[in-house]
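The values are calculated or read from the model by the stated rules, or taken from the named source; none is laboratory data. No experiment lies behind these values; they were computed from the predicted model shown. Because the Cβ atoms are built from the backbone with ideal geometry, glycine has one as well, and the counts that use them run over all protein chains shown. Ligands, DNA and RNA are excluded from the accessible area calculation, which covers all protein heavy atoms including side chains. Shrake-Rupley method; radii C 1.70, N 1.55, O 1.52, S 1.80 Å.
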Amino acid sequence: MTGTPSEPAQAAASGDATAQKAFRTPIGTHDLAPPESDRWVALMGAFIGLADRAGFGYLQTPIFEDIGVFARIGEGTDVVGKEMYEFFDRSDRHLALRPECTASVCRAFAQHRPTTPWKIWYQGPFFRYEAPQAGRYRQFHQIGAETLGTDDADADVEIIALAADFFAALGLAQVPLVLNSMGDADTRAAYGEALSVYLQRRVGDVDSEDRDKIERHPLRILDSKREATAAVAAEAPQITDFLSPTTAAHFERVREGLDALGVSHEVDPKLVRGLDYYTRTTFEFRAASLDAAQDTICGGGRYNGLVEALGGPPTPGIGFALGIERLLLACDAEGVFEVPTQRAEVWVVDIAGGAAARDLTHDLRSVGIRADRAFDDRSMRAQMRAADRSGAEIALIVGPDEAGAGTVTVRPLRRPDGGSTDEPQRTVARTDLLGTLRTVFDALNAAAGDTDGSHSSGLD
Ligand code: ATP
Ligand code: MG
């Protein structure tokens, strides 16, 4: 449905009070409808399987929170400073639509104090007031995972491998992982100092739009996408040279773990992420197939101070968030993860009033068969056309004769691979229907060389 043109909203313009205004989705938002939504459902299923096997439970937090929750991400970040949807409710509470989930996850941890390690995953809509373009929207959707309560480098490896395994499961081959360590508070202080000295020296070469960051947030100079600034950043001192022995060992252990699991990666000392609370490991998966401005499909890292900042006990955490829309754009660009629309297996054609269609579709569905029908008492021809269009393998026909005799005519339409069939049609008693369906499905599957019966699962 995305981008489908609709009738222009002329009601208001024409001054016709009786005409209805045709509303459209707000700028930067989209409807998600079949068949594209079939992909989302399949994508979610793939992730849920992996997360479940790795011991991550599902967490759902509110779409809006006290604005203070998100302020902790960093007042100086674009996400908080420029992009947040904030509002006052009818009781004058200052709230915001969530722009990301890590702060909410930490708020939830501080509120409920679960036993650790707390391994959770989440999914849903997030909101940022950005300039909409391909891969950048005002309502977008993320899947994420977080492990709270351990500083173990193997937890970093587990989180990163979960994301990598997910991309591999979708069939993506060109999403390289870049990795860095931000060190601890001491590292950041020492590095911040060195970076500031360097940037003061190069201030004239930094893009004027970025100059205010030199004072306020020198680290953010490093992830500027502006060309002049990027050139200055390329020659800046590197944080990896400032790691303490403990954080350097932690980083080494993460890299070792990724190597052991076959997760290839590259270290980029300039990779700093937007959050103020990031410590140690930071990482991004970038899609080689996407435009550089929107190529990060997944970002994450360690945030060892965020739970405390939200009123909880000192608690380390590591996690990632991935953008579903961008991920699917990358799948399109690589030509992978095309999800076939699920079709009906059986179509019920009822020209005897509709009661048989009503009852049979329900009975068949209850034994696991995808069954459907047409509505509105259409002609035999119209219903057979609908059966054909549906892609169903078998039509069940109930005319006045069948209705009177308590029988059903089973007419094979096509093999599961779409090929034609010469399997004969037969009329059977309703009580024998399931047995007959099994026989016909088996014959159609065998003819298609598909003997595992995957298209008649409900009867196996
Ligand atoms: P970018 O640098 O592209 O703005 P970000 O660093 O702001 O990304 P994060 O806050 O790390 O993004 O969010 C994690 C992921 O969510 C991103 O890697 C991206 O895939 C996705 N994402 C972020 N903002 C948007 C948006 N406005 N529209 C669509 N996807 C988004
Ligand atoms: Mg952003």
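Data table
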{"read-out": "Filter result (within 27 Å of residue 40 (Cβ to Cβ) and open to solvent by less than 40 Å² (accessible area, probe 1.4 Å)) within the range 340-366", "value": "344, 345, 346, 347, 361, 364"}
{"read-out": "Flag for residue 58 being surrounded by 15 or more Cβ atoms within 10 Å (Cβ to Cβ) and either aromatic (Phe, Trp, Tyr) or more than 16 Å from ligand 2 (Cβ to nearest atom) (or both)", "value": "no"}
{"read-out": "Among (1) more than 15 Å from ligand 1 (Cβ to nearest atom); (2) part of a loop (DSSP other than H, G, I, E, B); (3) not polar (S, T, N, Q) - the single one residue 100 does not satisfy", "value": "(1)"}
{"read-out": "Residue within the range 297-314 that is modelled with pLDDT of 95 or more, outside any loop (DSSP other than H, G, I, E, B), open to solvent by 20 Å² or more (accessible area, probe 1.4 Å) and touching a helix residue (DSSP H, G or I) at 6+ places or on another chain (Cβ under 9 Å) present", "value": "no"}
{"read-out": "Any pair with Cβ under 9 angstrom, 6 or more apart, that starts in the range 69-93 at a residue that is within 22 Å of residue 140 (Cα to Cα) and within 16 Å of ligand 2 (Cβ to nearest atom) and ends at one that is aromatic (Phe, Trp, Tyr) and open to solvent by less than 20 Å² (accessible area, probe 1.4 Å)", "value": "79/70; 80/70; 84/70"}
{"read-out": "Residue check, residue 201 surrounded by fewer than 17 Cβ atoms within 10 Å (Cβ to Cβ), closer than 28 Å to residue 71 by Cα and outside the structural domain of residue 177 (by TED's automatic domain parsing)", "value": "no"}
{"read-out": "Total residues in the range 209-233, condition open to solvent by 20 Å² or more (accessible area, probe 1.4 Å) and either more than 36 Å from the chain's Cα centre (by Cα) or within 22 Å of residue 74 (Cβ to Cβ) (or both)", "value": "14"}
{"read-out": "Selection status of residue 201, in a helix (DSSP H, G or I) and away from ligand 2 (no atom under 16 Å from the Cβ)", "value": "yes"}
{"read-out": "Residue within the range 107-123 that is away from ligand 2 (no atom under 16 Å from the Cβ), assigned to a loop (DSSP other than H, G, I, E, B) and open to solvent by less than 40 Å² (accessible area, probe 1.4 Å) present", "value": "yes"}
{"read-out": "Unmet criterion (only one of (1) in a loop (DSSP other than H, G, I, E, B); (2) more than 30 Å from residue 221 (Cβ to Cβ); (3) open to solvent by 80 Å² or more (accessible area, probe 1.4 Å)) for residue 52", "value": "(1)"}
{"read-out": "Tally, over the range 242-291, of residues that are assigned to a loop (DSSP other than H, G, I, E, B) and in contact (Cβ under 8 Å) with a residue 12 or more places away in the chain", "value": "21"}
{"read-out": "Hey, residue 23 modelled with pLDDT of 95 or more and open to solvent by 40 Å² or more (accessible area, probe 1.4 Å) or not", "value": "yes"}
{"read-out": "Residue count, the range 116-148 (criterion: touching a residue at least 12 places away in the same chain (Cβ under 8 Å) and out of contact with any strand residue (DSSP E or B) (no Cβ under 7 Å at 6 or more places or on another chain))", "value": "8"}
